[in-house]
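**Q** Below you will find the structure I want to go over with you.
The values are calculated or read from the model by the stated rules, or taken from the named source; none is laboratory data. Here the structure is a predicted model, which is why all the values come from computation and not from measurement. Here the Cβ positions follow ideal geometry from the backbone for every residue, glycine too, while neighbour counts run over all protein chains shown.
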Number of protein chains: 2
Amino acid sequence: MADNRNLTIGDIAEELGVSKTTVSRAISGKGRIGNKTREKVLQYIEAHDYRPNVIAKGLAQSRTYNIGLVLPGDYHIVELPFFQKCMLGISRTASEKDYDVLISVVTPDDISKLQRVIVNHKVDGVILTRTLVEDAPARYLKETGIPFVTIGSMQDDSIVQIDNDHRSACRELTENMLKKGVNRIALIGGRQDYIVTGNRLSGFLDAFAGKGRAVCEEDIYLDVEDARQVEEIVTKLLANGTECIIAMDDHLCGCVLNTLQQRRVKVPEQIKIASFYDSSFLENRSPSVTSIRFDVEELGEMTCKILLDMIDGGEVPARTLLGYRVSMRDSTEGYV
Amino acid sequence: MADNRNLTIGDIAEELGVSKTTVSRAISGKGRIGNKTREKVLQYIEAHDYRPNVIAKGLAQSRTYNIGLVLPGDYHIVELPFFQKCMLGISRTASEKDYDVLISVVTPDDISKLQRVIVNHKVDGVILTRTLVEDAPARYLKETGIPFVTIGSMQDDSIVQIDNDHRSACRELTENMLKKGVNRIALIGGRQDYIVTGNRLSGFLDAFAGKGRAVCEEDIYLDVEDARQVEEIVTKLLANGTECIIAMDDHLCGCVLNTLQQRRVKVPEQIKIASFYDSSFLENRSPSVTSIRFDVEELGEMTCKILLDMIDGGEVPARTLLGYRVSMRDSTEGYV
DNA sequence: CTGAAAGCGCTTACAG
DNA sequence: CTGAAAGCGCTTACAG
């Protein structure tokens with residue numbers, strides 16, 4: 001194991017009485033080479049468990065065989081399983097192509113960790129795992145010219161984007177509720193800097209518009225971040241005659257459920273609840289919570305595949321939209 | 001920005017009329033060099049925003065300036081915020097020393113992703129983020145001779161370990177309950193393959209032994225993984241006269257709370273609950289849940305620091321034990 | 001089909 | 001204090 005650490009292309013060449021060029025060609029499959037010669041080299045390699053030094057290979061080709069994965073370092077965000085699942089999908093796909101994943105953690109006001117990785121030439125391309133209205137990382141990457149893609153949508157069409165269809169998803173969920181005869185529906189969402197917040201809101205509004213219904217402005221709460229805010233909002237909504245609350249993520253939904261439990265308000269009898277679903281945290285609650293599911297690992301895989309294609313100089317679609325599934329559960333039962 | 005991509009040490013040397021050697025020395029600070037010469041080079045570098053190619057530097061020094069972070073790919077585990085928080089601490093510390101973090105995801109029966117990274121010489125050292133009784137990754141790394149450390153304890157003293165003191169933590173928590181006059185305490189824990197499970201169990205037993213009390217065998221449930229199992233156990237415990245349930249992690253605790261809620265069992269009046277705390281998911285539940293807190297980001301930082309020392313050939317402590325905090329909250333109130 | 005040589009961008013003995 | 005040269009382990013025109 002430890003003793004083949006230093007087996008190089010030169011060693012093999014010498015041992016086999018051929019040139020390093022030949023060995024290199026046998027390995028890479030590039031350039032003309034005799035069949036017998038190739039076999040001989042390949043066999044030797046196999047037998048001695050030779051592994052090329054990817055670093056040296058990278059130097060010669062100006063490649064690193066690494067992709068950069070940019071993760072948000074903000075407090076709450078980090079705890080969402082979304083990023084972890086993304087990472088799994090990305091990592092798996094990268095491995096298959098002999099690429100590795102190098103992480104850098106950024107916050108909206110500090111992208112220095114990303115810059116370091118780029119400037120040090122440590123990656124061949126980058127994946128951004130969320131998109132902001134004012135997206136400093138995207139702007140920076142665009143300037144450098146390095147291949148990169150975003151998970152999440154952006155206005156800028158020149159940026160390659162992969163996303164789930166949050167707008168349609170939220171529309172469909174809302175429509176389902178309207179069809180049931182639930183009329184007074186409230187929406188609680190996170191930061192408006194996140195583009196996804198706006199998309200979900202649009203879907204919500206689409207559903208109402210489709211039915212020719214008006215939305216109460218006071219039923220929409222955005223930029224909600226902590227449990228205390230949720231508590232206040234829920235209190236207001238209960239007094240309000242709200243029939244259903246849609247939470248834009250599971251963290252918010254958890255806060256809503258806790259508040260309702262404290263107030264001894266029964267779900268779905270007194271109020272209905274729905275959420276966006278990334279995690280298993282809501283899975284076993286009772287009642288089970290209606291929610292929208294995305295296949296986040298698939299999202300990661302697809303994203304990585306597209307980035308790798310870009311790095312190889314291939315043509316890739318400017319925008320890729322993945323699906324979703326609306327799971328109606330106990331928390332929205334009733335009203336026929 | 002994009003145009004200084006190719007500024008090399010050779011360009012600088014030529015421009016300044018010195019040798020590449022000199023430039024290299026000015027940058028690295030190694031080797032004797034005239035003060036004026038150094039200044040001249042440094043100024044040029046500053047003015048032209050030169051960034052050394054870390055890859056080339058690495059090749060020459062047989063270094064990569066990357067550390068490998070091994071993450072578990074098992075289903076449930078991935079969702080625990082523990083690993084994400086660890087990663088933040090590690091990444092931050094690594095950045096400070098100009099190192100980057102490269103991730104590889106392994107499962108107990110497939111460590112090929114880790115092997116690839118090692119065999120490709122892509123990292124200078126490795127961090128294992130959990131420890132198993134039969135730890136394939138640790139065994140493999142030990143064989144290769146590469147510097148590595150584990151987050152979590154191991155039997156093998158030749159392996160450098162960093163861990164929180166789970167045993168003492170669980171002992172103290174249990175003692176607190178015993179002191180309150182709570183006698184019938186049950187313990188629900190995860191897989192026994194995880195060394196941490198055993199440590200927490202030991203702490204639990206320590207507390208009873210310290211008071212000269214016997215533990216009911218039937219109050220201890222290990223290898224519990226899913227919500228259904230928890231449900232059965234809780235049902236049994238309720239029939240049993242159990243006064244308190246200690247859950248070994250927040251996922252299990254969440255399952256316990258859900259079951260109790262379904263059964264309309266009141267916490268803490270009818271039964272008391274305590275947990276181990278990594279996340280904010282239990283934070284806003286009502287009642288608030290008594291739990292043990294660890295500073296996971298600090299754990300990550302410390303671990304990274306120690307690994308970097310090892311890589312630099314420094315002496316490091318074989319075992320580093322970090323603290324904890326027991327937070328008594330509403331879920332264990334009562335009994336004086 | 002095969003090889004000698006230059007090159008990727010750095011570092012580091014070895015001389016001076 | 002400074003430099004010419006070899007080397008890290010690979011790739012890739014250029015010849016033959």
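**Q** Which residue is surrounded by the fewest Cβ atoms within 10 Å (Cβ to Cβ), if the candidates are limited to the stretch A:284-294 and must be out of contact with any Ser or Thr (no Cβ under 7 Å at 6 or more places or on another chain) and touching a residue at least 60 places away in the same chain (Cβ under 8 Å)? I'd like the intermediate steps shown before the answer.
**A** First, pick out the residues of the stretch A:284-294 that are out of contact with any Ser or Thr (no Cβ under 7 Å at 6 or more places or on another chain): A:284-286, A:292, A:294.
Then keep just the ones that are touching a residue at least 60 places away in the same chain (Cβ under 8 Å); that gives A:292, A:294.
Numbers: A:ILE292: 24, A:PHE294: 21.
Going through the qualifying residues, I end up with A:PHE294.
**Q** Now a separate question. Here is a list of conditions, (1) of a type in the set (Asp, Glu); (2) away from DNA strand D (no atom under 14 Å from the Cβ); (3) not in a helix (DSSP H, G or I), and A:ASP98 meets all of them except one; can you say which number that is?
**A** Of the numbered conditions (1) of a type in the set (Asp, Glu); (2) away from DNA strand D (no atom under 14 Å from the Cβ); (3) not in a helix (DSSP H, G or I), the odd one out for A:ASP98 is (2).
Here's the yes/no breakdown for (1) crowded, with 20+ Cβ neighbours inside 10 Å; (2) over 26 Å from A:ARG293 (Cα atoms); (3) more than 11 Å from chain B (Cβ to nearest Cβ):
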residue	(1), (2), (3)
A:SER112	no, yes, no
A:ALA136	no, yes, yes
A:LYS142	no, yes, no
A:SER153	yes, no, yes
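**Q** Only one of B:GLU301, B:GLU315 is within 14 Å of another protein chain (Cβ to nearest Cβ), within 24 Å of B:ILE162 (Cβ to Cβ) and of a type in the set (Asp, Glu); which? Quick ask: steps written out before the conclusion?
**A** Numbers: B:GLU315 fails: within 14 Å of another protein chain (Cβ to nearest Cβ).
Within the list B:GLU301, B:GLU315, the selection yields B:GLU301.
**Q** Something else about it: Looking only at the stretch B:166-191, which residues are modelled with pLDDT of 95 or more and within 14 Å of B:THR131 (Cα to Cα)?
**A** B:HIS166
**Q** If you don't mind, another one. Can A:GLY152 be described as in contact (Cβ under 8 Å) with a residue 40 or more places away in the chain, touching a strand residue (DSSP E or B) at 6+ places or on another chain (Cβ under 8 Å) and not basic (Lys, Arg)?
**A** Judged against the criteria, A:GLY152 is a match.
**Q** Limited to the stretch B:6-55, what total is found for residues that are within 22 Å of B:LYS97 (Cα to Cα), charged (D, E, K, R) and either touching a helix residue (DSSP H, G or I) at 6+ places or on another chain (Cβ under 7 Å) or in the same structural domain as B:ASP100 (by TED's automatic domain parsing) (or both)?
**A** Of the residues in the stretch B:6-55, 2 are within 22 Å of B:LYS97 (Cα to Cα), charged (D, E, K, R) and either touching a helix residue (DSSP H, G or I) at 6+ places or on another chain (Cβ under 7 Å) or in the same structural domain as B:ASP100 (by TED's automatic domain parsing) (or both).
**Q** On to the next question. Look through A:THR131, A:THR144, A:THR64, A:THR150 and report the one residue that is touching a Lys or Arg at 6+ places or on another chain (Cβ under 7 Å) and either at negative phi or modelled with pLDDT of 90 or more (or both). Walk me through how you get there before you give the answer.
**A** Values: A:THR131 fails: touching a Lys or Arg at 6+ places or on another chain (Cβ under 7 Å); A:THR144 fails: touching a Lys or Arg at 6+ places or on another chain (Cβ under 7 Å); A:THR150 fails: touching a Lys or Arg at 6+ places or on another chain (Cβ under 7 Å).
A:THR64 is the lone residue from the list that is touching a Lys or Arg at 6+ places or on another chain (Cβ under 7 Å) and either at negative phi or modelled with pLDDT of 90 or more (or both).
**Q** Given the conditions (1) at pLDDT below 90; (2) within 10 Å of chain A (Cβ to nearest Cβ), report the number of the one that B:ALA94 does not fulfil.
**A** Checking B:ALA94 against (1) at pLDDT below 90; (2) within 10 Å of chain A (Cβ to nearest Cβ), the one that fails is (1).
**Q** Right, something else. Just checking, which of A:GLU218, A:GLU225 is among the acidic types (Asp, Glu) and in a loop (DSSP other than H, G, I, E, B)?
**A** That would be A:GLU225, the only listed residue that is among the acidic types (Asp, Glu) and in a loop (DSSP other than H, G, I, E, B).
Conditions tested, residue by residue: (1) loosely packed, with under 14 Cβ neighbours inside 10 Å; (2) within 14 Å of another protein chain (Cβ to nearest Cβ); (3) closer than 19 Å to B:ASN120 by Cβ; (4) more than 8 Å from DNA strand D (Cβ to nearest atom).
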{"position": "A:THR8", "(1), (2), (3), (4)": "no, yes, yes, no"}
{"position": "A:ASP11", "(1), (2), (3), (4)": "no, no, yes, no"}
{"position": "A:GLU14", "(1), (2), (3), (4)": "yes, no, no, yes"}
{"position": "A:SER28", "(1), (2), (3), (4)": "yes, no, yes, no"}
{"position": "A:ASN35", "(1), (2), (3), (4)": "yes, no, no, yes"}
{"position": "A:LYS40", "(1), (2), (3), (4)": "no, no, no, yes"}
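**Q** Test of understanding: among B:ARG63, B:ARG92, which residue is within 11 Å of DNA strand C (Cβ to nearest atom) and in contact (Cβ under 8 Å) with a residue 60 or more places away in the chain?
**A** B:ARG63
**Q** Also: Check off (1) surrounded by 13 or more Cβ atoms within 10 Å (Cβ to Cβ); (2) within 14 Å of another protein chain (Cβ to nearest Cβ) for B:PRO108 and give me the number that stays unchecked.
**A** Of everything listed in (1) surrounded by 13 or more Cβ atoms within 10 Å (Cβ to Cβ); (2) within 14 Å of another protein chain (Cβ to nearest Cβ), B:PRO108 misses just condition (2).
**Q** Sticking with this one: Specify which of the listed residues (B:LEU238, B:LEU252, B:LEU257) is within 14 Å of another protein chain (Cβ to nearest Cβ) and within 16 Å of B:ASP219 (Cβ to Cβ).
**A** Details: B:LEU238 fails: within 14 Å of another protein chain (Cβ to nearest Cβ); B:LEU257 fails: within 16 Å of B:ASP219 (Cβ to Cβ).
Going through B:LEU238, B:LEU252, B:LEU257 in turn, just one is within 14 Å of another protein chain (Cβ to nearest Cβ) and within 16 Å of B:ASP219 (Cβ to Cβ): B:LEU252.
**Q** Here's something else I'd like to know. So, A:ILE45, is that one more than 10 Å from DNA strand C (Cβ to nearest atom), hydrophobic (A, V, I, L, M, F, W, C) and in contact (Cβ under 8 Å) with a residue 40 or more places away in the chain or not? Even if it seems obvious, please write down each step before you answer.
**A** Numbers: more than 10 Å from DNA strand C (Cβ to nearest atom): yes; hydrophobic (A, V, I, L, M, F, W, C): yes; in contact (Cβ under 8 Å) with a residue 40 or more places away in the chain: no.
No: the conditions fail for A:ILE45.
**Q** Let me ask something else. A:ILE12 fails exactly one of the following numbered conditions: (1) assigned to a helix (DSSP H, G or I); (2) under 32 Å from the mean Cα position of the chain (by Cα); (3) more than 9 Å from DNA strand C (Cβ to nearest atom). What is the number of that condition?
**A** Here A:ILE12 meets the rest and fails (2).
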